[in-house]
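The values are calculated or read from the model by the stated rules, or taken from the named source; none is laboratory data. Predicted model, so just to flag it, every value in this text is computed and none were measured. No Cβ is skipped: glycine too gets one built from the backbone with ideal geometry, and neighbour counts run over all protein chains shown.
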């Protein structure tokens, strides 16, 4: 009886984890994302990977609306198996910038005002861009947003347990105006 219960619990957790990954990578992008491409790869040799789709995540440092779209500066944080930024800021390899160039539905910087917002992005590698960090300018990777998931970090760490108490954190993807999925 205990073995059946354990097997059922494991199967349910796998189902929940795969459902979460499905939200992070929409069906229309699933086969196009290079899951082996890492932040360090594009940071060291961005031209080699220009045009490829990758997964990246981290903590939002700033978001600014500009004429060409919304620029979001992110402190890179490794992703868990569920494609959620781990929360271990000390494991960061640096920063990156994601740009939302969609002129019809540009992301509002207010979505990222909470300093604890974490994101997972499916982005197209554009190359490098320059950011100002204190008094120093630094070259960082730049990605064009294809899909963005915004994680509610406070709620994930509050102990709230949906799905009948099976211990999986509550997350939400930014759904845009009127609740429609926020795709680029």
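Screening segment 28-107 for strands (runs of 3 or more DSSP E) wholly inside it with 1 or more residues that are without any contact (Cβ under 8 Å) to a residue 12 or more places away in the chain and more than 14 Å from residue 127 (Cα to Cα) returns the ranges 53-66.
Here residue 1 meets each of (1) more than 30 Å from residue 132 (Cα to Cα); (2) surrounded by fewer than 10 Cβ atoms within 10 Å (Cβ to Cβ); (3) modelled with pLDDT of 85 or more with one exception, condition (3).
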